[in-house]
Structure formats: structure tokens, C-alpha cells
Amino acid sequence: MIAENQTTRPPIEGQLNAAERAFITKAILEAPIKPRIALEVGTWLGGGSTLHILRALQANGTGHLWGVEASKDIYEKMITNIRAGAPEAVDRFTPLFGFSTDVLPVWLKSLPPGEAIDFAFLDGGGNPYEQIEEFRLLAPQIKIGGVLMAHDARMRKGKWLVPYVSLLDNWQSEVFDLSFAGLLRAFKVKAQPSEASFRAAERKLNVMRLEPIELIARFLPSWFCGLVLRALPRNLMRRLTLGPQIAKHDNPA
Ligand SMILES: C[S@@+](CC[C@H](N)C(=O)[O-])C[C@H]1O[C@@H](n2cnc3c(N)ncnc32)[C@H](O)[C@@H]1O
């Protein structure tokens with residue numbers, strides 16, 4: 001149960017809709033073994049995933065969350081917000097400043113020997129390869145029975161991770177359409193994928209990475225991509241940077 005006083009405080013800014021927040025909360029409250037080590041990438045201002053993961057850990061009476069955020073000013077505001085929004089759970093939280101691919105290897109090395117991740121939530125940058133890199137770093141250290149969630153499963157951000165994980169036979173995954181953006185939930189069921197499933201996932205990823213628009217984004221300088229994107233009509237720019245699903249959200253039938 002989440003205590004009454006925690007839900008009546010002034011809201012702090014955060015993303016994810018109410019159904020997604022409730023889904024994450026429930027996964028932590030109802031986990032067969034209460035999560036002890038939780039990690040998230042992309043806290044933003046803290047009022048979405050971070051606050052709801054923390055409140056659930058607090059209600060469980062156990063667990064610690066490490067939250068990675070790459071933008072300095074957002075990171076600082078998020079820390080202030082979490083102190084105000086969840087003072088009772090602040091000792092369960094360690095913010096980590098930087099890009100996930102820099103921060104996670106160091107954080108993983110800092111885990112005591114034998115410790116593994118119970119719960120991970122990926123919601124960082126919009127480049128679909130980032131979730132793949134984050135998954136590759138974290139997956140070996142997620143315990144069997146552990147949960148990985150990733151936001152924007154139907155968007156550009158998650159468009160490679162979803163098919164990639166679905167082909168790995170040591171994960172059971174599903175996308176929940178609680179918003180237009182989609183939420184991936186995957187349970188780790190075995191330590192390693194079979195060689196065949198790993199190869200199939202890698203093959204699929206290599207093919208997906210050949211998509212012309214992603215090749216352009218990968219090989220052209222980011223300043224040039226930014227210039228081109230800014231010159232495009234807003235709808236097209238949003239489709240390219242966020243994914244085609246955004247068009248349905250912007251213009252519901
Ligand atoms: C969509 S927002 C996260 C929303 C948040 N999970 C919530 O529920 O409110 C994405 C955040 O990830 C951060 N970010 C982007 N790329 C990142 C990276 N590579 N590593 C860590 N944080 C990143 C951005 O600065 C931004 O604050």
C-alpha cells in the first residue's frame with residue numbers, strides 16, 4: 001500500500017500516464033521476491049518513474065533505486081523534487097549524473113560481488129541504439145526472475161529493443177499499450193540465451209540498423225541532422241525523431 005500522505009503532496013513534474021505509473025508500481029509491490037536493486041535510465045524531473053518506483057520500494061520496506069540522468073539542470077531539479085516529493089524514501093535513492101553508457105559500466109562494477117539487478121527501467125534518449133546498449137550492459141547482471149521495463153516501446157526509442165528482446169529465448173517479453181508510446185515488460189527466465197536465439201536477435205538488429213533514416217542519423221553529423229530536422233514541417237520532424245506512432249497521437253482519428 002502507498003501511504004495516503006504520499007499521494008496528497010503537491011505533484012512534481014514527471015512523464016508516464018497514470019496507467020503506466022500504476023503498472024510499474026504494481027510490478028514492484030507484487031513482485032514474488034521484493035526488489036532490492038532497482039535501476040532506471042532517464043529520470044527527467046523525477047515525478048514519473050522515479051517517484052513511483054521509490055514509493056513502491058518504500059511501501060515494500062526494502063530496495064534501493066539508482067537513477068541515471070544525463071542533463072545537468074534536469075538532474076539537479078530532479079534531486080530537489082525527489083527530496084520534496086518523497087522525503088521518506090530519499091535514503092533509498094542514489095542519483096547518478098551522466099550518459100547511461102558512461103555511468104552504467106562504473107555503477108555495475110560498484111555492485112558488491114554476487115549482487116544482481118531485480119528491476120530495471122529504461123527511459124533515456126530517443127536514439128533506438130541507446131536502449132540496445134543499455135540492455136547489453138544490464139542484461140547479464142539482471143537476476144533470473146528479474147524484470148526489465150522500457151518506455152516508448154512503440155516509438156523510435158524502443159523500436160529495436162522490442163524485437164531484439166523478443167528473439168532472445170532467455171527473456172519473456174510483452175508490450176503493454178497503456179499509452180500510445182507503449183511499455184515493454186520482460187522477465188529474465190534463464191541466465192543465457194541459446195546460441196541460435198542470440199544469433200537471430202543480432203541478425204534482426206543488424207537488418208533494422210540498415211533502415212535508411214537511421215543510417216542517415218548514424219553517419220551524418222548531429223549538427224547537420226538538427227539543421228535538416230528544423231527545416232522540416234513539425235509533424236514530419238516529430239515522426240522522424242519520435243516515431244510514426246506520434247502521428248496517431250498528434251492526429252487521433
Ligand atoms: C523521456 S524522459 C524520462 C521521463 C521519466 N522516466 C519520467 O517518467 O518522467 C528522458 C530523460 O532521459 C534523459 N536522457 C537522455 N539520454 C540519456 C542517456 N543516454 N543517459 C541518461 N539519461 C538520458 C533526458 O535528459 C531526459 O531527462
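Which entries of Lys26/Lys188; Lys109/Lys159; Lys157/Lys204; Lys72/Lys159; Lys157/Lys190; Lys143/Lys190 show an alpha-carbon separation above 20 angstrom in the structure shown? Before the final figure, lay out the partial values.
Details: Lys26/Lys188 18 Å; Lys109/Lys159 29 Å; Lys157/Lys204 16 Å; Lys72/Lys159 27 Å; Lys157/Lys190 26 Å; Lys143/Lys190 9 Å.
Result: Lys109/Lys159; Lys72/Lys159; Lys157/Lys190 exceed 20 Å.
With only Lys, Arg, Asp and Glu charged, each at its Cβ (+1 for the first two, -1 for the last two), find how big the charge dipole of the stretch 174-253 is about the Cα centre; round to the nearest 20 debye.
Numbers: 13 positive and 7 negative charges, 19 e Å.
Value, rounded to 20: 100 debye.
When Lys and Arg each count +1 and Asp and Glu each count -1, what net charge do the other residues less than 9 Å away from His64, Cβ to Cβ, add up to? Mind showing how you got there, number by number?
Values: positive: Arg36, Arg92; negative: Asp91.
Local net charge: +1.
With a ≥ b ≥ c the root eigenvalues of the C-alpha gyration tensor of the chain, is it rounded (a/c under 1.5), prolate (a/b larger than b/c) or oblate?
Values: a/c = 1.65, a/b = 1.22, b/c = 1.35.
Since a/c reaches 1.5 but b/c is at least a/b, the shape of the chain is classed as oblate.
Hey, can you grab everything whose amide H is under 5 Å from the amide H of Thr94? Only 5+ residues off in sequence or another chain; H modelled, so Pro and N-termini drop out.
So Thr94 has HN proximity to Leu65, Trp66, Gly67.
Between Ile79, Leu240, Ser173, whose Cα lies farthest towards the positive end of the dipole of the chain when Lys and Arg beta carbons carry +1 and Asp and Glu beta carbons carry -1, centred on the Cα centre?
Towards the positive end, the residue furthest out is Leu240.
Treating only the Cβ atoms of Lys and Arg (+1) and Asp and Glu (-1) as charged, compute the dipole magnitude of the chain about its Cα centre; round to the nearest 20 debye. The partial results should precede the final answer.
Numbers: 30 positive and 26 negative charges, 89 e Å.
For the chain, the charge dipole is close to 420 debye.
Considering only the chain, what is the antiparallel percent among its DSSP beta bridges, to the nearest 5? Provide the component values of the computation, followed by the final result.
Details: 11 of 30 bridges.
If I count the DSSP bridges inside the chain, around 35 percent turn out antiparallel.
Since every read-out is calculated from the coordinates, none of them should be taken as a lab result. Computed from a predicted model, the values in this text were never measured in an experiment. With ideal geometry, Cβ positions are generated from the backbone for all residues, glycine too; neighbour counts draw on all protein chains shown.
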